[in-house]
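Everything on this sheet refers to the single structure shown next.
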Amino acid sequence: MLAFIDESGDTGLKVAQGSSEYFVVALVTFEDHDEATACDQRIALLKKELGLSPTDEFKFSKLPGLKREAFFDAVIPYSFFYFGIAIKKSQLHGKGFQFKEPFYKYACSLVFENAKPYLKDAIVVIDGSGSREFKQQLDSYLKRKTGSGVIRKLKIQSSHNNNLIQLADMVVGAIHRSLLNKSDREVYRRRISSKEMSVQVWPK
């Protein structure tokens, strides 16, 4: 099993001063490696169809609406599912949330807790350029939180070189968009609703 994580928003708590209202994490899962490969190849082909270079990234925040829709239409035929956690930062009060890495680790643990019944021996790939020490800390933390047999190993890779992390970026962007007061808030998440296992807004 393969799983890909990305986030949307920032970990800053000063919402009134410009920080995002939500910090959102999405986990995209493939049970079958061949299906993941096929989806990866389809995303690469879509870049060519849209006149993008192979090194261009699909990033939800930077794409116009029609290209977002084209992306989701292209990946819908493939067998993947997603889980999401949206943390409403205005309701956070603990001191631990003031620090980026603990906040990020906790958000990941929440989405893994919801996905745990569906995960087995997963190879988890996370976007980022975090240090080796942070990778080891996150790996140990998530394995401790989820128990044995859920996560086999964790890898940090650049989204620039991984189309399936870009898929996670698009999914988490659609989730985040659906929570905001925007005219297109329902367009993208509704387009991929058949892939949604759970999206939790926390705290309630």
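Numbers at a glance
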| item | result |
| --- | --- |
| The chain - charge dipole about Cα centre, Lys and Arg +1 at Cβ, Asp and Glu -1, debye rounded to 20 | 660 |
| Accessible-area order (highest first, 1.4 angstrom probe) of the listed residues T55, T11 | T55, T11 |
| For region 88-204, size of Cβ-based charge dipole, Lys and Arg +1, Asp and Glu -1, in debye | 220 |
| Relative contact order for the chain, counting Cα pairs under 8 Å that sit 6 or more residues apart, in percent | 33 |
| Long-range amide H partners of Q200 with built H, under 5 Å | G84, I85, A86 |
| Summed residue charge, Cβ within 9 Å of V124's Cβ, Lys/Arg positive, Asp/Glu negative | +2 |
| Ranked by how many other beta carbons lie within 10 Å on average, peptides 171-181, 68-78 from highest | 171-181, 68-78 |
| Backbone N under 19 Å from the D32 label point (7 Å along Cα→Cβ), restricted to region 73-107 | 74-82 |
| L46 - accessible surface, heavy atoms, 1.4 Å probe, Å² rounded to 10 | 10 |
| Packing-based ranking, highest mean first, of 151-162, 100-111 given that Cβ atoms within 10 Å are counted | 100-111, 151-162 |
| (1) 37, 28, 11; (2) 34, 22, 15; (3) 25, 21, 16, with the label sought being that of the calculated semi-axes √(5λ) of the Cα gyration tensor in Å | (3) |
| For region 53-65, Karplus couplings with θ = phi - 60° (6.51, -1.76, 1.60), whole Hz, Gly/Pro x | 7, x, 8, 5, 9, 7, 10, 3, 5, 10, 9, x, x |
| Karplus-derived 3J(HN,Hα), 6.51/-1.76/1.60, for each residue of region 186-198, Hz, glycine and proline x | 9, 5, 7, 5, 5, 5, 10, 4, 5, 9, 7, 8, 6 |
| Karplus-derived HN-Hα couplings along region 96-112 (A = 6.51, B = -1.76, C = 1.60, θ = phi - 60°), whole Hz, x at Gly and Pro | x, 6, 7, 10, 4, 5, x, 4, 4, 4, 5, 4, 4, 5, 5, 5, 5 |
| Fraction of beta bridges assigned by DSSP in the chain that are antiparallel (%, nearest 5) | 50 |
| Set K88/K182; K88/K204; K88/K135 screened for pairs whose C-alpha atoms are more than 19 Å apart | K88/K135 |
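The values are calculated or read from the model by the stated rules, or taken from the named source; none is laboratory data. This is a predicted model, so every value here is computed, not measured. Ideal geometry is used to build each Cβ from the backbone, glycine not excepted, and the neighbour counts take in all protein chains shown. Side chains included, ligands, DNA and RNA excluded: accessible areas come from the protein's heavy atoms. Shrake-Rupley method; radii C 1.70, N 1.55, O 1.52, S 1.80 Å.
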